[in-house]
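Here, each number is a calculation from the coordinates, and none is a lab measurement. Just so it is clear, the structure is predicted and the values come from calculations on it, not from any experiment. Using ideal geometry, Cβ is built from the backbone for each residue, glycine included, and neighbour counts are taken over all protein chains shown.
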Ligand code: GTP
Ligand code: SPV
Ligand code: MN
């Protein structure tokens with residue numbers, strides 16, 4: 001096995017052999033190496049040579065399979081353990097000094113006890129293995145909001161995935177210098193024992209410890225752990241917001257540029273919306289992607305809300321991705337992509353439900369078993385994913401690397417709701433917008449372990465990702481609004497409402513452009529709206545439905561749109577009850593403004 005110039009062969013590291021002289025890094029790595037006992041340490045530099053070496057090692061170890069290089073150049077395939085296919089929310093811990101700081105929606109654990117317990121699991125756990133020291137940036141170099149993390153991991157899959165998902169290597173060592181602040185992340189695969197799987201966050205120490213998983217959001221520590229759970233904590237201290245949001249750039253035929261951020265829960269359409277290709281009818285409109293999953297937002301000196309995407313790649317849901325639903329995603333994942341838990345063809349191509357109408361012959365499912373249409377289970381795991389560099393995206397917005405961020409004009413919230421919520425509405429003002437976000441509900445998906453399809457409250461799509469008390473989080477949102485002379489407008493969308501035959505009322509995907517057009521025009525004062533009990537809504541005749549088909553290939557009717565926009569008092573009575581359950585759960589730290597908003601809505605509805 002290679003060791004190379006930047007890797008030393010023993011845990012006792014002479015400082016000269018390391019790419020950093022940062023004393024805090026050197027002492028922490030030495031301490032963790034002494035605890036975990038790896039055979040060797042590899043200090044990552046992010047170079048192309050390193051990528052080749054680590055990939056070869058991963059193939060030799062059976063961690064990665066080289067896919068058909070004619071069809072998918074630079075692409076590799078990974079299967080995670082069948083018990084380890086999604087985030088584990090009930091084993092995700094927020095270890096603040098007091099339980100109250102974590103709040104009622106998080107699993108709290110004592111920081112000292114948890115550290116001792118987890119260090120016990122790590123003791124000697126990397127014997128015979130390599131510990132990768134993975135330095136990375138969350139955010140573009142030179143951006144004052146960018147944070148530095150270092151992840152120690154014994155997973156070559158994680159080291160290679162972090163290279164895709166973050167700005168990893170020399171660039172991070174440079175930004176860190178000899179005195180920089182950094183997040184400490186320790187990850188170990190352990191034995192992948194689900195009973196000993198823990199994803200623990202220590203906000204007061206800016207530290208993450210993850211063990212016994214090798215899957216996505218549990219282990220790519222820059223993403224959900226640093227950029228959201230600790231990010232939200234840091235954002236509260238430092239006056240900004242860390243959010244589960246895509247960021248898109250919209251250019252109209254007249255050249256008007258609008259940046260839009262949108263929070264939809266996991267597996268509810270962020271990547272798809274961020275890569276939207278407008279339908280034919282929208283010639284001259286152009287959508288480009290700034291981010292598809294995470295946004296950091298802050299009040300700018302000009303009184304506008306600015307945002308940046310801290311990530312460098314897309315860790316996207318594979319099932320449902322195809323040349324019609326998301327051509328940009330398909331192009332993005334056509335090279336230099338790591339696929340996890342999708343199905344495999346005999347000629348080493350990948351497949352998943354919804355990729356093509358007919359599955360290929362000679363398919364093996366994500367577990368490696370032969371699969372055909374008579375098989376009872378899915379060929380691809382429902383939460384199977386791709387990790388692709390954002391540079392692959394043919395519609396990447398150049399602003400993604402701008403250290404100044406982009407000014408946001410609209411914030412969209414949206415859930416996966418079969419009933420109750422209309423296709424689109426606009427909030428009356430900032431506190432009404434925060435209320436719409438705070439009371440979001442959505443059906444659970446395969447992105448987290450547990451039952452799917454059940455409506456739960458998922459405030460701002462952050463229920464699994466807010467690193468502190470949800471009541472304080474709402475108050476922080478309200479306080480940010482007070483710092484903005486030119487705040488963005490708030491909207492709520494629901495692409496997932498169904499008719500009595502259980503069919504989606506709205507075609508979704510690229511056709512969401514028709515809704516986005518109204519949203520963008522509202523931001524600039526170009527579009528009309530009707531005042532309703534729920535908020536501002538587009539007059540039915542104002543949405544452009546030309547070229548759109550409904551069920552049975554008939555043209556899409558205004559009646560169907562009316563059904564998608566309907567306000568049903570019975571459904572809203574139930575909805576307000578469910579909102580109250582959330583408010584009661586959060587308790588006395590719930591800002592009073594949000595109680596008032598609920599009361600106002602109830603009286604507007606006449607309930
Ligand atoms: P995470 O990466 O888990 O945060 O998910 P995400 O919010 O980026 O969701 P993504 O865009 O990957 O979509 C998840 C699922 O929703 C896929 O199966 C899509 O096919 C489906 N989906 C996305 N947009 C739409 C839409 O407009 N309408 C309908 N009906 N389904 C959609
Ligand atoms: C999500 O679940 O919201 C994801 C995937 O984006 S993961 O990185 O696993 O969190
Ligand atoms: Mn996500």
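Tabulated values for the structure
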{"read-out": "Ranked packing of 209-216, 485-492, 585-592, most packed first, by mean Cβ within 10 Å", "value": "209-216, 485-492, 585-592"}
{"read-out": "Euclidean distance of C-alpha centroids, region 20-67 and region 508-566, integer Å", "value": "51 Å"}
{"read-out": "Calculated FRET efficiency for the pair residue 588/residue 56, C-beta based, R₀ 56 Å, to 0.05", "value": "0.45"}
{"read-out": "Inter-label distance for residue 66 and residue 501, nm, one decimal - labels placed 7 Å from Cα along Cα-to-Cβ", "value": "5.0 nm"}
{"read-out": "Ranked packing of 574-581, 259-266, most packed first, by mean Cβ within 10 Å", "value": "259-266, 574-581"}
{"read-out": "Prolate/oblate/rounded label for region 151-213 (Cα gyration tensor, a/c 1.5)", "value": "oblate"}
{"read-out": "Theoretical FRET efficiency, 1/(1+(r/R0)^6), r = Cβ-Cβ of residue 113 and residue 377, R0 45 Å, to 0.05", "value": "0.70"}
{"read-out": "Among 385-398, 119-132, 351-364, the order from most to least packed when residues are scored by Cβ within 10 Å on average", "value": "385-398, 119-132, 351-364"}
{"read-out": "Relative contact order [Cα under 8 Å, 6+ residues apart], the chain, whole percent", "value": "14 percent"}
{"read-out": "Ranked 466, 143, 268, criterion: other C-beta atoms within 10 Å, fewest first", "value": "143, 268, 466"}
{"read-out": "DSSP-defined beta bridges in the chain - what % are antiparallel, rounded to 5", "value": "65 percent"}
{"read-out": "Residues 339, 468 arranged by fewest to most Cβ contacts within 10 Å", "value": "468, 339"}
{"read-out": "Contact order normalised by residue count of region 317-389, Cα under 8 Å, 6+ apart, percent", "value": "42 percent"}
{"read-out": "Cα→Cβ-extended label distance, 7 Å offset, between residue 528 and residue 599, nm", "value": "3.5 nm"}
{"read-out": "Prolate/oblate/rounded label for the chain (Cα gyration tensor, a/c 1.5)", "value": "prolate"}
{"read-out": "Cα shape, region 317-389, gyration tensor, a/c 1.5 rule", "value": "prolate"}
{"read-out": "Point-to-point label distance, residue 482-residue 281, nm (Cα→Cβ direction, 7 Å offset)", "value": "4.4 nm"}
{"read-out": "Modelled FRET efficiency - R0 45 Å, residue 83 with residue 257, Cβ distances, 0.05 increments", "value": "0.45"}
{"read-out": "Ellipticity estimate at 222 nm from DSSP helix runs (n ≥ 4, -39,500 (n - 2.57)) divided over the chain, nearest 500", "value": "-7500 deg cm²/dmol"}
{"read-out": "With Cα atoms, 0 to 90° folded angle of helix 156-165 axis to the chain main axis", "value": "40 degrees"}
{"read-out": "Potential lengthening between residue 357 and residue 237 on full extension [0.36 nm per residue; Cα-Cα distance subtracted]", "value": "38.2 nm"}
{"read-out": "C-alpha long axis of helix 48-60 to longest principal axis of the chain, angle in °", "value": "80 degrees"}
{"read-out": "Folded to 0 to 90 degrees: helix 23-36 orientation relative to the chain principal axis, Cα", "value": "80 degrees"}
{"read-out": "Additional length obtainable on full extension of the chain from residue 27 to residue 391, 0.36 nm per residue less Cα span", "value": "127.5 nm"}
{"read-out": "Sorted by Cβ neighbour density within 10 Å, fewest at the top, the residues 202, 583, 465, 596", "value": "596, 583, 202, 465"}
